[in-house]
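Novice: Before anything else, here's the structure in question.
The values are calculated or read from the model by the stated rules, or taken from the named source; none is laboratory data. Note that the structure is predicted; figures quoted are calculated from it, not measured. Quick reminder, even Gly has a Cβ in these numbers, built from the backbone with ideal geometry, and neighbours come from all protein chains shown.
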2 protein chains.
Amino acid sequence: MAVYTEVTDEALEAFVAGYDIGSVIAFRGIAEGVENSNYALKTSRGDFILTLYEKRVAPEDLPWFLGLMEHLAAQGLSCPLPVRARDGANLNPLAGRIAAITTFLPGVWPRRVGVAHCERLGAALARLHLAGAGFAPRRRNALGPDAWPGLLEKSRIAAEEVQVGLGPELRHALAGIVAGWPQGLPVGHIHADLFPDNVFFLDGEVSGLIDFYFAATDIYAYDIAICLNAWCFERDFSFNFTKSSALLRGYMAQRGLSAAELAGLPVLAQGAAMRFLLTRLYDWLNTPPGALVTRKDPLDYARRLRFHLSVRDGTSYGA
Amino acid sequence: MAVYTEVTDEALEAFVAGYDIGSVIAFRGIAEGVENSNYALKTSRGDFILTLYEKRVAPEDLPWFLGLMEHLAAQGLSCPLPVRARDGANLNPLAGRIAAITTFLPGVWPRRVGVAHCERLGAALARLHLAGAGFAPRRRNALGPDAWPGLLEKSRIAAEEVQVGLGPELRHALAGIVAGWPQGLPVGHIHADLFPDNVFFLDGEVSGLIDFYFAATDIYAYDIAICLNAWCFERDFSFNFTKSSALLRGYMAQRGLSAAELAGLPVLAQGAAMRFLLTRLYDWLNTPPGALVTRKDPLDYARRLRFHLSVRDGTSYGA
């Protein structure tokens, strides 16, 4: 679930009064999401989302995230639009946190991903990349390849706890990923966490992309590689080539991929699997037993990583 | 949080198509609640709540709960009204569970309870008791005094784990509660779980009562005793006489209390503290580490119980 910070009624009333969005009608915690506290806020003017940023989000990054969302929304992308308070600020203090109000997006995230979802997702990802091109500020990817060796070092004990031999296996794989990491590929703003629960669909079309709090300036094709991991494996961790082909087809219909980008997909996909494996390993060790989040099994991504290590080239993904 | 059962988009579409409520626009898990899975469902016709009943609710009790809610809503009480499907059923299968759609209630539950909340709550509780009077079917309180000796027996080990000596203390207290349990007090349908997160307020007035899945036919004044436990203690477990006086004043303005009901309050309040202490003890032992709910500290209710054991008569609550 994702309500870590409780907001008193008085604090909520005072906070909302700072915005020109009417008066509070309802306020319910949202179960989805793991990084921040999210509330569905209904006012006399409509539906909004109130987000309180928790410790994993660096406060100094928030203006960049919100600026990117404003830029993308202005470009016509369906993403949460930060609502500005009467004084013009889109970030304001609430209950000891920094908080923002954003617009409510219609749609339902797909619990069971189908091939059609993957094609639409690919197209939406490409539109996101194109729409972000005019946003000048950059943000280094704090969870990019530079960070992985340090994360793996911190998770050595967790790796052995999860599976004997996993530590050496990951060190070997990571050395290969770092050595083979593609250079010179097109770079821009990427979402970097576009899992199914961050993509809403309505009547079969993408109706909204949410949760931009891992977004960064990095290799576009790495964002595709993250989606290949997040959207194209079945529950038994088998890789679904039909889905990945659809994802790439959808993407390339909006933004073409160079031969170098396609050739880079295997190592980028290995890196993406490594990135989620490493943060899951870290969480595995650092989630207190009473926490209100489920610990996700790091091995899910070890299985994906092994698949990507077995891949010869981009054609294995359908490109 | 309270989303234990995931619903696929296809299953949701098919389920909603059985109702005359328009088409799905949004579907988000709600963080509040611990017993069932609750989703905020927005359709082209408005806002609804979709509930999937989890294992703790006995399926055979569901028609009674929903029947009571329909009755109360028809009497003008602001509680969730079950929506009937096109075939007339208000309970239907979904994702391997029994599910219901109910109306959405406006309001915000009070994170910080004030005296004014307690007076309004008392009045709302009395209106609930009066409105329920015409509903003929009865439901035995499965978590009433008859159940407590068995629950305590099951929690002997947990009691000692939580605090050395707690087991004998509770056995002694329970013997006194059972021996002194009042007989012949007015009986009717009670909510039996009217904690602050089940009471919505809007502009200072009660705008809705929710979560009727512990409701039963039992002593009216026992419902007041539950509210005294749930609303009138401060965070340091000190008892707030001003709040309890306001609660009783609000109640009695709607429904008078007999001398016998007032005299019964101390033992009823002891029993109410015992009831929540016992289920918390049981959960303490039986909540798996990865579960998506926080274990609540049973000692919170041992402290309340000790207060109620120190009370001489109903005047200690303000009556």
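Novice: If you go through segment B:174-232, how many residues are of a type in the set (S, T, N, Q) and touching a Lys or Arg at 6+ places or on another chain (Cβ under 9 Å)?
Specialist: From segment B:174-232, those of a type in the set (S, T, N, Q) are B:183, B:198, B:207, B:217, B:229; that's our starting set.
Checking the rest, the ones that are also touching a Lys or Arg at 6+ places or on another chain (Cβ under 9 Å) come to B:217, B:229.
The total comes to 2.
Novice: I'd like to check something: does segment A:197-212 contain any residue that is within 22 Å of A:Lys154 (Cα to Cα), of a type in the set (Phe, Trp, Tyr) and either more than 14 Å from chain B (Cβ to nearest Cβ) or not in a helix (DSSP H, G or I) (or both)?
Specialist: Our first condition is that a residue be within 22 Å of A:Lys154 (Cα to Cα); within segment A:197-212, this holds for none.
The answer is no; no qualifying residue exists.
Novice: While we're looking at this one, here's another question. Could you check, for segment A:85-94, whether at least one of its residues is surrounded by fewer than 18 Cβ atoms within 10 Å (Cβ to Cβ) and touching a Ser or Thr at 6+ places or on another chain (Cβ under 7 Å)?
Specialist: Looking for residues that are surrounded by fewer than 18 Cβ atoms within 10 Å (Cβ to Cβ) and touching a Ser or Thr at 6+ places or on another chain (Cβ under 7 Å), one finds none in segment A:85-94, hence no.
Novice: Ok, one more. With respect to the numbered conditions (1) surrounded by fewer than 19 Cβ atoms within 10 Å (Cβ to Cβ); (2) more than 14 Å from chain A (Cβ to nearest Cβ), which one is the sole condition not fulfilled by B:Cys79?
Specialist: (1)
Novice: Let me ask something else about it. Among the residues that make up segment A:186-209, is at least one of them out of contact with any strand residue (DSSP E or B) (no Cβ under 7 Å at 6 or more places or on another chain) and among the β-branched types (Val, Ile, Thr)?
Specialist: No.
Novice: Evaluate segment B:65-82: report whether one residue or more is among the polar types (S, T, N, Q), over 25 Å from A:Val24 (Cβ atoms) and at pLDDT 95 or above.
Specialist: Taking segment B:65-82 and keeping what is among the polar types (S, T, N, Q), we get B:75, B:78.
After this cut, where a residue has to be over 25 Å from A:Val24 (Cβ atoms) as well, the list is B:75.
Cutting the leftovers down to at pLDDT 95 or above gives us B:75.
The answer is yes, given that some residue of segment B:65-82 is among the polar types (S, T, N, Q), over 25 Å from A:Val24 (Cβ atoms) and at pLDDT 95 or above.
Novice: In segment A:47-73, which residues are closer than 20 Å to A:Ala131 by Cβ and either aromatic (Phe, Trp, Tyr) or within 13 Å of chain B (Cβ to nearest Cβ) (or both)?
Specialist: A:Trp64, A:Phe65 - these are the residues of segment A:47-73 that are closer than 20 Å to A:Ala131 by Cβ and either aromatic (Phe, Trp, Tyr) or within 13 Å of chain B (Cβ to nearest Cβ) (or both).
Novice: Is it the case, given these coordinates, that B:Ile224 is β-branched (Val, Ile, Thr) and touching a strand residue (DSSP E or B) at 6+ places or on another chain (Cβ under 8 Å)? Step through it out loud before you land on a result.
Specialist: Details: β-branched (Val, Ile, Thr): yes; touching a strand residue (DSSP E or B) at 6+ places or on another chain (Cβ under 8 Å): no.
Against the criterion (β-branched (Val, Ile, Thr) and touching a strand residue (DSSP E or B) at 6+ places or on another chain (Cβ under 8 Å)), B:Ile224 does not qualify.
Novice: Okay, moving on. Mind listing whichever residues of segment B:85-105 are in a loop (DSSP other than H, G, I, E, B) and under 17 Å from B:Tyr4 (Cα atoms)? Show your work before the answer.
Specialist: Going through segment B:85-105, the residues in a loop (DSSP other than H, G, I, E, B) turn out to be B:85-91, B:95-96, B:104-105.
Hits for segment B:85-105 are B:Ala95, B:Gly96.
Novice: Residue by residue through segment B:230-272, note down the ones that are within 18 Å of the chain's Cα centre (by Cα) and not in a helix (DSSP H, G or I).
Specialist: Selection gives B:Cys232, B:Phe233.
Novice: Something else now. State whether one or more residues within segment B:33-46 are within 17 Å of the chain's Cα centre (by Cα), more than 13 Å from chain A (Cβ to nearest Cβ) and at pLDDT below 95. Show your work before the answer.
Specialist: If we filter segment B:33-46 for residues that are within 17 Å of the chain's Cα centre (by Cα), which is where we start, we get B:33-38.
With the extra rule that they be more than 13 Å from chain A (Cβ to nearest Cβ), the set shrinks to B:35.
Those left that are additionally at pLDDT below 95: B:35.
Checked segment B:33-46: at least one residue is within 17 Å of the chain's Cα centre (by Cα), more than 13 Å from chain A (Cβ to nearest Cβ) and at pLDDT below 95.
Novice: Could you please let me know if A:Ala116 is under 26 Å from A:Glu261 (Cβ atoms) and more than 14 Å from chain B (Cβ to nearest Cβ)?
Specialist: It is false that A:Ala116 is under 26 Å from A:Glu261 (Cβ atoms) and more than 14 Å from chain B (Cβ to nearest Cβ).
Novice: Looking at (1) under 27 Å from A:Glu70 (Cβ atoms); (2) touching a residue at least 12 places away in the same chain (Cβ under 8 Å), which one does A:Pro149 not meet, given that it meets all the others?
Specialist: Every listed condition holds for A:Pro149 apart from (1).
Novice: Sticking with this one: Tell me whether segment B:63-78 contains one or more residues that are on the phi < 0 side of the Ramachandran plot, assigned to a loop (DSSP other than H, G, I, E, B), in contact (Cβ under 8 Å) with a residue 60 or more places away in the chain and under 20 Å from the mean Cα position of the chain (by Cα).
Specialist: Applying the first criterion (on the phi < 0 side of the Ramachandran plot) to segment B:63-78 yields B:63-75, B:77-78.
Among the residues that remain, those that are also assigned to a loop (DSSP other than H, G, I, E, B) are: B:75, B:77-78.
Narrowing further to those that are in contact (Cβ under 8 Å) with a residue 60 or more places away in the chain: B:77-78.
Next, only the ones that are under 20 Å from the mean Cα position of the chain (by Cα) stay: B:77-78.
Looking through segment B:63-78, at least one residue is on the phi < 0 side of the Ramachandran plot, assigned to a loop (DSSP other than H, G, I, E, B), in contact (Cβ under 8 Å) with a residue 60 or more places away in the chain and under 20 Å from the mean Cα position of the chain (by Cα).
Novice: Select from segment A:1-32 the residues that are more than 10 Å from chain B (Cβ to nearest Cβ), of a type in the set (A, V, I, L, M) and over 29 Å from the mean Cα position of the chain (by Cα) and list them in ascending order.
Specialist: Hits for segment A:1-32 are A:Ala14, A:Ala17.
Novice: In addition: If the requirement is being of a type in the set (Asp, Glu) and within 14 Å of another protein chain (Cβ to nearest Cβ), which of these qualifies: A:Asp218, A:Asp297, A:Asp223, A:Asp236? Before you say what the answer is, go through the steps one by one.
Specialist: Working: A:Asp218 fails: within 14 Å of another protein chain (Cβ to nearest Cβ); A:Asp223 fails: within 14 Å of another protein chain (Cβ to nearest Cβ); A:Asp236 fails: within 14 Å of another protein chain (Cβ to nearest Cβ).
Answer to the check: A:Asp297.
Novice: Going through B:Ala246, B:Ala273, B:Ala259 one at a time, which residue ends up being hydrophobic (A, V, I, L, M, F, W, C) and surrounded by fewer than 16 Cβ atoms within 10 Å (Cβ to Cβ)? Even if it seems obvious, please write down each step before you answer.
Specialist: Details: B:Ala246 fails: surrounded by fewer than 16 Cβ atoms within 10 Å (Cβ to Cβ); B:Ala273 fails: surrounded by fewer than 16 Cβ atoms within 10 Å (Cβ to Cβ).
One residue alone meets the criteria, B:Ala259.
Novice: Give the residues of segment A:295-307 that are surrounded by 15 or more Cβ atoms within 10 Å (Cβ to Cβ) and without any contact (Cβ under 8 Å) to a residue 60 or more places away in the chain, sorted by residue number.
Specialist: Initial filter on segment A:295-307 (surrounded by 15 or more Cβ atoms within 10 Å (Cβ to Cβ)): A:295-296, A:298-305, A:307.
Of everything in segment A:295-307, those that are surrounded by 15 or more Cβ atoms within 10 Å (Cβ to Cβ) and without any contact (Cβ under 8 Å) to a residue 60 or more places away in the chain turn out to be A:Arg295, A:Lys296.
Novice: Is it the case that segment A:153-168 has a residue that's of a type in the set (Lys, Arg), modelled with pLDDT under 95 and either out of contact with any strand residue (DSSP E or B) (no Cβ under 6 Å at 6 or more places or on another chain) or not assigned by TED's automatic domain parsing to the domain that holds A:Phe214 (or both)?
Specialist: Scanning segment A:153-168 turns up at least one residue that is of a type in the set (Lys, Arg), modelled with pLDDT under 95 and either out of contact with any strand residue (DSSP E or B) (no Cβ under 6 Å at 6 or more places or on another chain) or not assigned by TED's automatic domain parsing to the domain that holds A:Phe214 (or both).
Novice: Also: Quick one: B:Leu143 ticks every box in (1) in the same structural domain as B:Gly271 (by TED's automatic domain parsing); (2) buried (at least 16 other Cβ atoms within 10 Å of the Cβ); (3) of a type in the set (A, V, I, L, M); (4) part of a helix (DSSP H, G or I) except a single one, so which number is it?
Specialist: Answer for B:Leu143: the failing condition is (4).
Novice: Looking at B:Ala123, B:Ala136, which is the one that is within 16 Å of B:His189 (Cα to Cα), outside the structural domain of B:Gly18 (by TED's automatic domain parsing) and not in a loop (DSSP other than H, G, I, E, B)?
Specialist: Details: B:Ala136 fails: not in a loop (DSSP other than H, G, I, E, B).
The match here is B:Ala123.
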